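Below you'll find the structure, written out as structure tokens, and then a few comments.
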Amino acid sequence: MTTISNRLQHILATIQSAQTISGYQQQVKLLVVSKAQSTSAIREAYAAGQTLFGENYLQEALDKQAELTDLPIEWHFIGPIQSNKTQPIAQHFAWVHSIDRLKIAQRLNEARPTDLAPLQVCIQVNVSNESSKSGVPPHDLESLAIAIALLPRLKLRGLMAIPAPTHDSNQQQAQFKQVRQCYDALLAKGFMLDTLSIGMSDDYPVAIAEGATIVRIGSALFGARPAPDMKN
Ligand SMILES: *Cc1c(COP(=O)(O)O)cnc(C)c1O
């Protein structure tokens, strides 16, 4: 077995055991984050059984997609979105996790081709209160969700968050609990949601304990990323 294949099996086993002990009894999907990784690394992960891949940078993603058209990969866009990039994102991805304002949602809705299924979307929520970070503050979440739910070419699936990085598992847990509370508040308002996209390489078992349904994992699978010297 290759290293990527070995690591993938290890991650899937870790997900499985975290899922077994989580009180939420949820199904958890693995989204492999392939930013800064080569198409041959993606092919290796695909050959080991992985079909969901996430990318942060549009041009990098489009270049890789063009080289990988022979593989039925489900592509997820997880990076910050500039409004002049919404059209290719709406055309080339199945999911977008990082919606943080209505204008972006409206533009994705308008650009989503009618021969494709509605774009599956999550709202990115900012629970770390850092003004530099993207994501909508919790108190603006409901009005954004109401507006997005009215857009016919988007399907609102849930929330995504990138909590402030910390190796303290109590702090990780506290931040995930906040995201979970935002999610539960929307469910209580009647939104039909099934996706909580939280948890990365350093904290995914904690995220699963707090109800994650998608974990987004890069370095735990591929190793440390090369220096970001040629992004877009
Ligand atoms: C890079 C990235 C990840 C994966 O991070 P790792 O720590 O390498 O697992 C997950 N989500 C987002 C939004 C990212 O940008």
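The values are calculated or read from the model by the stated rules, or taken from the named source; none is laboratory data. The structure displayed is predicted, hence computed values, not measured ones. Cβ sites come from the backbone with ideal geometry, for glycine too, and all protein chains shown count toward neighbours. Heavy atoms of the whole protein, side chains included, go into the accessibility calculation; ligands, DNA and RNA do not. Shrake-Rupley method; radii C 1.70, N 1.55, O 1.52, S 1.80 Å.
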Quiz item: Scanning for something out of contact with any Lys or Arg (no Cβ under 8 Å at 6 or more places or on another chain), aliphatic (A, V, I, L, M) and in contact (Cβ under 8 Å) with a residue 40 or more places away in the chain, does region 173-184 turn up at least one residue?
Solution: yes
Exercise. Mind telling me which of the residues Lys35, Lys29 ends up being within 30 Å of Arg180 (Cβ to Cβ), within 16 Å of the ligand (Cβ to nearest atom), charged (D, E, K, R) and touching an Asp or Glu at 6+ places or on another chain (Cβ under 6 Å)?
Key: Lys35
Self-check item: Selection from region 122-131 of residues that are assigned to a loop (DSSP other than H, G, I, E, B) and either among the hydrophobic types (A, V, I, L, M, F, W, C) or surrounded by fewer than 19 Cβ atoms within 10 Å (Cβ to Cβ) (or both)
Solution: Val127, Ser128, Asn129, Glu130, Ser131
Quiz item: out of contact with any strand residue (DSSP E or B) (no Cβ under 7 Å at 6 or more places or on another chain), farther than 25 Å from Ser34 by Cβ and within 15 Å of the ligand (Cβ to nearest atom): does that describe Val127?
Solution: yes
Exercise. Could you please give the count of residues in region 38-71 that are closer than 18 Å to His97 by Cβ, more than 16 Å from the ligand (Cβ to nearest atom) and open to solvent by 30 Å² or more (accessible area, probe 1.4 Å)?
Key: 2
Quiz item: Of all the residues that make up region 135-151, how many are assigned to a loop (DSSP other than H, G, I, E, B) and open to solvent by less than 60 Å² (accessible area, probe 1.4 Å)?
Solution: 3
Quiz item: So which of Ala164, Ala188, Ala212 is farther than 20 Å from Leu102 by Cα, among the hydrophobic types (A, V, I, L, M, F, W, C), touching a Ser or Thr at 6+ places or on another chain (Cβ under 8 Å) and loosely packed, with under 14 Cβ neighbours inside 10 Å?
Solution: Ala164
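Table: residues versus (1) closer than 26 Å to Gly49 by Cβ; (2) open to solvent by 60 Å² or more (accessible area, probe 1.4 Å); (3) under 19 Å from the mean Cα position of the chain (by Cα); (4) at pLDDT 95 or above.
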{"position": "Ile73", "(1), (2), (3), (4)": "yes, no, yes, yes"}
{"position": "Arg101", "(1), (2), (3), (4)": "no, yes, yes, yes"}
{"position": "Ile104", "(1), (2), (3), (4)": "no, no, yes, yes"}
{"position": "Ala111", "(1), (2), (3), (4)": "no, no, no, yes"}
{"position": "Gln120", "(1), (2), (3), (4)": "yes, no, yes, yes"}
{"position": "Lys133", "(1), (2), (3), (4)": "no, no, yes, no"}
Quiz item: Just checking, which of Gly223, Gly211 is at pLDDT below 95, on the phi > 0 side of the Ramachandran plot and not basic (Lys, Arg)?
Solution: Gly223
